[in-house]
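Enquirer: Here's a structure for you.
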Amino acid sequence: MNAECSLGTDAREGVLTIDLRAIGDNYLHLRDSLAPGSRCGAVVKADAYGLGMVEVAPELYRQGCRDFFVATQTEGEVLGKCLGDDVNIVVLTGVRPGCEAACARARLIPVLFTVQQLRDWVAVSERIGVAAPCALKFDSGMTRLGMTEEEFEQLLEERELLQTADIRLVLSHLACADDPDHPQNALQLRRFKMAAERLRTLCPDVRLSLANSSGIFLGDAYHFDIARPGCALYGVNPLPGSPNPMRPVVTLQLPVLQKRHLSSTCQVGYGATQQAVAGSCLAVARGGYADGILRAQSGRGCGWACGRRLPMIGRVSMDSTIFDISALSENERDSLQYIEVLNKRLTVDEVAGYAGTIGYEILTSLGSRYHRRYLRS
Ligand SMILES: *Cc1c(COP(=O)(O)O)cnc(C)c1O
């Protein structure tokens, strides 16, 4: 059956199809890649990288995932309501000052970055009488969030605090995991291991977590107790420059608003940056930079129809994008209703390349005006 015919009136603003089965398969593939004894968590921050956290997380849960990572407390509260009680929800940017009680009552596990934050967290949990598990972040070399080696030393001196606090997890984040040859990987691994092993002599039950999606492919030494893949679940290639081991997840179809056959050579779009010669055929599709068709790919990007790439022409507008469809046959042009701008062949990574960015940004930019379709098993 022709997918285009089955879209119906919901499809007028464009159709974003999200294959939950592919996300489930990607989860299982990542889990199977882990060293024995390592668990596979899932990062569902930023609305599951733009694909819909409340749809995606239950699918991951169904596949056995019980360790979820979100960016904010608000995301954690929403997630807690759509999953069972047997999950761990870790908030990667920690707890907002003044919101500790709400965070603990929602059974969220905040990532804490300083010794003082840990003291405050323990004090609040004692005051409100609620068990308050937490995670600690160790900065092994990214210089973003977390305790430095010196701060970690101070923490190890605080025996009483370490005994009272319910520290479930120590994590660190790799800066260069997508470049297996980068020396930063081994350096961060060594620092993380040293810090973690010392903490474990005092808190033997604490779990360790280092690997994001790409980190999983650096080998068993990077897996520790829990892996934290995000982008690979959603089809982004965790191995840039090598074949993608993940299944593609998204298809984005933009409806064609107008087709035109040019009888003379014309300047196309804002700024008159590109020319279409006499005899060209153009199609204007509904979907522009307000919908996540990044303007940076103007003059470079492409769409897909009838098994072929079709170049974008002129600048991407806010609500529409122009494609040169001259390469299609007359019949194909006549029946053309949709142009795809993401699919199994035209991948998020390829599109990111045209826009000078990464697949993560393509996914998290996908707009809210599309009709969203979820494919389930
Ligand atoms: C976003 C994030 C991840 C997931 O990274 P991917 O590269 O998408 O797999 C893991 N850990 C932390 C701390 C993050 O912020």
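Enquirer: Which of the residues belonging to the range 114-152 are free of Cβ contacts under 8 Å to residues at least 40 places away in the same chain, within 15 Å of residue 103 (Cα to Cα) and among the β-branched types (Val, Ile, Thr)?
Expert: Result: 124, 128, 130.
Enquirer: With away from the ligand (no atom under 16 Å from the Cβ) and touching a helix residue (DSSP H, G or I) at 6+ places or on another chain (Cβ under 7 Å) as the only criterion, which of 358, 362, 325, 339 stands out?
Expert: Of 358, 362, 325, 339, the one residue that is away from the ligand (no atom under 16 Å from the Cβ) and touching a helix residue (DSSP H, G or I) at 6+ places or on another chain (Cβ under 7 Å) is 325.
Enquirer: Considering only residues that are more than 33 Å from the chain's Cα centre (by Cα) and in a loop (DSSP other than H, G, I, E, B), look in the range 241-269 and name the one that is nearest to residue 287 (Cα to Cα).
Expert: 262
Enquirer: In the range 318-357, what count of residues is obtained for those that are β-branched (Val, Ile, Thr) and open to solvent by 60 Å² or more (accessible area, probe 1.4 Å)?
Expert: Residues that pass the stated criteria total 0.
Enquirer: Take the residues in the range 84-118 that are acidic (Asp, Glu) and not in a helix (DSSP H, G or I); name whichever of them is least open to solvent (accessible area, probe 1.4 Å).
Expert: By that ranking, first place goes to 86.
Enquirer: Sticking with this one: Which of (1) assigned by TED's automatic domain parsing to the domain that holds residue 106; (2) open to solvent by 40 Å² or more (accessible area, probe 1.4 Å) is the odd one out, the single condition residue 10 does not satisfy?
Expert: (1)
Enquirer: Is it true that residue 192 is within 26 Å of the chain's Cα centre (by Cα), of a type in the set (Phe, Trp, Tyr) and open to solvent by less than 50 Å² (accessible area, probe 1.4 Å)?
Expert: So residue 192 fits the description; yes.
Enquirer: Same structure again: Output the residues belonging to the range 69-83 that are away from the ligand (no atom under 16 Å from the Cβ) and open to solvent by less than 30 Å² (accessible area, probe 1.4 Å).
Expert: Within the range 69-83, just 83 meets the criteria.
Enquirer: Another question about this same structure. Need the failing condition index for residue 293 against (1) more than 30 Å from residue 59 (Cβ to Cβ); (2) among the β-branched types (Val, Ile, Thr); (3) crowded, with 17+ Cβ neighbours inside 10 Å, just the number.
Expert: Residue 293 satisfies all of (1) more than 30 Å from residue 59 (Cβ to Cβ); (2) among the β-branched types (Val, Ile, Thr); (3) crowded, with 17+ Cβ neighbours inside 10 Å except (1).
Enquirer: Something else: Collect the residues in the range 213-225 that are surrounded by fewer than 23 Cβ atoms within 10 Å (Cβ to Cβ) and within 11 Å of the ligand (Cβ to nearest atom), keeping them in residue-number order.
Expert: Of everything in the range 213-225, just one residue is surrounded by fewer than 23 Cβ atoms within 10 Å (Cβ to Cβ) and within 11 Å of the ligand (Cβ to nearest atom), namely 217.
Enquirer: Condition (residue is buried (at least 21 other Cβ atoms within 10 Å of the Cβ), of a type in the set (A, V, I, L, M) and away from the ligand (no atom under 16 Å from the Cβ)) applied to the range 249-263: is it met by at least one residue?
Expert: Yes: one or more hits.
Enquirer: While we're here: Being of a type outside the set (A, V, I, L, M) and crowded, with 20+ Cβ neighbours inside 10 Å, is that true of even one residue in the range 310-317?
Expert: For the range 310-317, residues of a type outside the set (A, V, I, L, M) and crowded, with 20+ Cβ neighbours inside 10 Å: present.
Enquirer: In addition: Cβ-Cβ under 6 Å, sequence separation 6+ or interchain: first residue in the range 225-248 and closer than 22 Å to residue 169 by Cα, partner acidic (Asp, Glu). Which pairs?
Expert: 226/67
The values are calculated or read from the model by the stated rules, or taken from the named source; none is laboratory data. Predicted, not measured: the structure shown is a model, and the values here were computed from it. Neighbour counts run over all protein chains shown; Cβ positions are idealised from the backbone, glycine included. Each accessible area value is taken on the protein alone, full model and side chains, heavy atoms only, with ligands, DNA and RNA left out. Shrake-Rupley method; radii C 1.70, N 1.55, O 1.52, S 1.80 Å.
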